[in-house]
Amino acid sequence: MQTEEFKIERMLAHPGFDHVVHGLAGGFQAFQQGAPRLASQFSTQQRWLMSHAALARHYRGFAAGRPGISRRLFVEDALTHRIASRNTAAAFFDESLKYGIILPTKAGGGSDAMLVTPAPAVLCALSEWHQAHLAALDALDGGDRSVRLREAEAALLPRMQPAVADGLLASPTICAPGPDYAVFASVDEGGSLMDRLIAGLDIATARNEEKAVTNVTSVSALARPLNLSRTHAGRTLSAAIALGSLGWTGTPGRSPIWLSRGFRTGYARMQAAKITIIGEAFEHATASVGDATLTAAAAARAARPERNSPAC
């Protein structure tokens, strides 16, 4: 049986993987700009993992005829997987409810008894997120997984997401990233900062460079599109500079930023791990659904009016 490390290294060795990673970073950046409030809710590694655990519970509960997630179960999942403390998980749940990321379906008996479900915009974003990673895998081997998910989303996504969440939460690469990645992943909008830096590379020349130069030339230019303070962005960059992950090619704050090979590799390893997990979940979901169900789901979708997004 192939290990996670073997699968990641094989993907990293693919000659087209740099372009795939660059494309993913650009796509993540575009999503952040299009839905900043939603993106901000999942802007740290901790929040992102709590969200995946909750979405897995949502789909499993729905399949069992018990739709809805309680605050108590949300917090228990965070504690079980050692993602966050009780207080941190409860605060994230309350914040998600406040901003309409989750919506109440049943009230009574206090906040712990309330049942919630993900807002439609969250499920829309989840579908697009899965499709983006499957499209990246398709770009490597010429597959059509992204299209197949779009055509049969209603049948596949409820089966995929629990498996994806389980894979993410069990992955050492995902849950214990290296310091180059972790210094960003632990702060607000840190993931978006990384996406912007990677998207700013000239991918045609970056592969063989120890210090690959980006088109980011100031802290303000990096922070402004993300609605971050210059202080917050600058503090995060300073921590990364102290690790040797990146630096300025000339005068700090007035010259292009370079990214170390270690930083770029850490980011690429994270993408490879996600793509592998999502690809395997897709294969298992399609096998469990069966060709007849997929064909019927695709036909039903084709008969509906076209929408801007398959999940909206």
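Laboratory data are not the source of any read-out in this text; all were calculated from the coordinates shown. Treat the numbers as computed from the prediction; the structure is a model and nothing was measured. So basically every Cβ, Gly included, is an ideal-geometry build from the backbone, and we count neighbours across all protein chains shown.
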Next item on the list: Work out which trypsin sites (Lys or Arg not before Pro) in the chain are exposed loop sites (DSSP not H, G, I, E or B, at most 15 other Cβ within 10 Å) and give the longest gap free of them.
Entry: 83-206
Next item on the list: Find the all-direction average of the projected area of the Cα convex hull for the chain, expressing the result in square nanometres with one decimal place.
Entry: 17.0
Check: Magnitude of the Cβ-charge dipole of segment 1-160, K/R +1 and D/E -1, about the Cα centre, nearest 20 debye?
Finding: 660
Check: Which of SER146, ALA63, THR265 sits farthest toward the positive end of the charge dipole of the chain, with +1 on the Cβ of Lys and Arg and -1 on the Cβ of Asp and Glu?
Finding: ALA63
Item checked: Pairwise FRET efficiency - SER255 versus ARG60, Cβ, R0 = 41 Å, nearest 0.05 -> 0.20
Note to self: Can you pull out the GluC sites (Glu not before Pro) in segment 170-236 whose DSSP state is coil and whose Cβ has at most 12 other Cβ atoms within 10 Å?
What the structure shows: GLU210
Check: Dipole of the chain, Cα-centred, from +1 at each Lys and Arg C-beta and -1 at each Asp and Glu C-beta, to the nearest 20 debye?
Finding: 760
Margin query: Taking 0.36 nm per residue of sequence separation and subtracting the Cα-Cα distance, how much length would be gained by fully extending the chain between THR205 and GLN2, in nm to one decimal?
Written below: 69.9 nm
Notebook entry, point to check: Roughly speaking, what is the stretch gain from ASN87 to ALA221, that is 0.36 nm per residue apart minus the C-alpha to C-alpha distance, in nm to one decimal?
Noted result: 44.8 nm
Margin query: Restricted to Cα positions, what overall size does segment 31-173 have along the principal axes? Three whole-Å values, descending.
Written below: 52, 31, 30
Item checked: Distribution of pairwise C-alpha distances over segment 4-57, 10 Å bins, in % -> 21, 32, 37, 10
Item checked: Residue (of PRO118, ALA91, PRO158) at the positive-pole extreme of segment 68-181, dipole from beta-carbon charges -> ALA91
Notebook entry, point to check: How far apart, in nm, are two points set 7 Å out from the Cα along the Cα-to-Cβ line at ASP141 and at THR80?
Noted result: 3.1
Next item on the list: Divide by every residue of the chain the summed helix terms, -39500 (n - 2.57) for each DSSP H run of at least 4, and state the resulting mean residue ellipticity at 222 nm, rounded to the nearest 500 deg cm²/dmol.
Entry: -21000 deg cm²/dmol
Next item on the list: Take each complete run of DSSP H in the chain, measure how far its Cα atoms stretch along the helix's own axis, and keep only those covering 24 Å or more with mean Kyte-Doolittle hydropathy at least -1.0; list them.
Entry: 17-34, 45-63, 120-141, 153-170, 261-289
